[in-house]
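Visitor: My questions will all concern the structure given below.
Only the coordinates and a few stated rules stand behind these numbers; no lab work does. No experiment lies behind these values; they were computed from the predicted model shown. FYI the Cβ positions are ideal-geometry reconstructions off the backbone, even for glycines, and counts take in every protein chain you see.
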Amino acid sequence: MIARIWHGWTKPQDATAYEEMLRDEIFPGIARQNIEGYHGAELFIRDDGDEVEFLTLLRFDSMKAVKEFAGENQSKPVIHPNAEALLTRMDERSRHYRIVI
């Protein structure tokens, strides 16, 4: 199993809108793609002073499934156009970890 992890940050006043977009639009949209080997997403949120940090974790069976989701450049973040406007900064690449336990 592969965990795809990515961080983005918003201003506090944009955090609720971004959280709702992830929950109501972006994550369901990924699920609707019916990618073989995709096993869902988790969202972690942390208030960080003048920013709010978002950590997304998507689970896949293999890097082949990640490639189907992300394309040839598997580390490139997949950012929804409407979401990008809410982000103040973001990781330039997603990281992939083997889930062993």
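Visitor: Report, in debye and to the nearest 20, how large the dipole of the chain comes out about its Cα centre when Lys and Arg carry +1 and Asp and Glu carry -1 on their Cβ.
Guide: Approximately 540 debye in magnitude.
Visitor: So how far apart, in nm, are the two label points at Glu36 and Gln13 if each is 7 Å from Cα heading toward Cβ?
Guide: For Glu36 paired with Gln13, the spin-label model returns 4.8 nm.
Visitor: Would you compute the Debye intensity of the chain from its alpha-carbon atoms alone, equal scatterers and no solvent, and pass along log10 I(q)/I(0) at q = 0.17, 0.22, 0.23 Å⁻¹ to two decimals?
Guide: Values, matching the q order: -0.75, -1.20, -1.28.
Visitor: Based on the alpha-carbon gyration tensor of region 1-44 and its eigenvalue square roots a ≥ b ≥ c, which shape applies: rounded if a/c is under 1.5, prolate if not and a/b is larger than b/c, or oblate?
Guide: Oblate is the answer for region 1-44, as a/c is 1.5 or above yet b/c matches or exceeds a/b.
Visitor: Using modelled backbone amide H atoms (1.01 Å from N, in-plane), which distant-in-sequence or interchain residues come within less than 5 Å of Tyr38's amide H?
Guide: Asp61
Visitor: Taking the chain as the reference, fit the longest principal axis to its C-alpha atoms, fit the long axis of helix 12-21 to the helix C-alpha atoms, and give the angle between the two in degrees, 0 to 90, nearest 10.
Guide: 30
Visitor: Right, something else. Could you tell me the center-to-center distance, by alpha carbons, between region 6-29 and region 46-101 in angstrom?
Guide: Value for the Cα centre distance between the two parts: 12 Å.
Visitor: Ok, one more. Excluding same-chain residues fewer than 8 positions from Lys11, which lysines have a Cα within less than 29 Å of its Cα?
Guide: Partners within reach: Lys76.
Visitor: Show me, for region 51-56, the HN-Hα J-couplings you get by feeding each phi into the Karplus relation (A = 6.51, B = -1.76, C = 1.60, θ = phi - 60°), rounded to Hz, glycine and proline as x.
Guide: 9, 10, 8, 10, 10, 10
Visitor: Sticking with this structure for a sec: Can you give the calculated 222 nm mean residue ellipticity of the chain, where each DSSP H run of n ≥ 4 adds -39,500 (n - 2.57) and the sum is split over every residue, rounded to the nearest 500 deg cm²/dmol?
Guide: -7000 deg cm²/dmol
Visitor: Next question, about the same structure. Among Leu58, Ile45, Thr10, whose Cα projects farthest towards the positive end of the dipole of the chain, with charges put on the beta-carbon of Lys, Arg (+1) and Asp, Glu (-1)?
Guide: Positive-most Cα among the choices belongs to Leu58.
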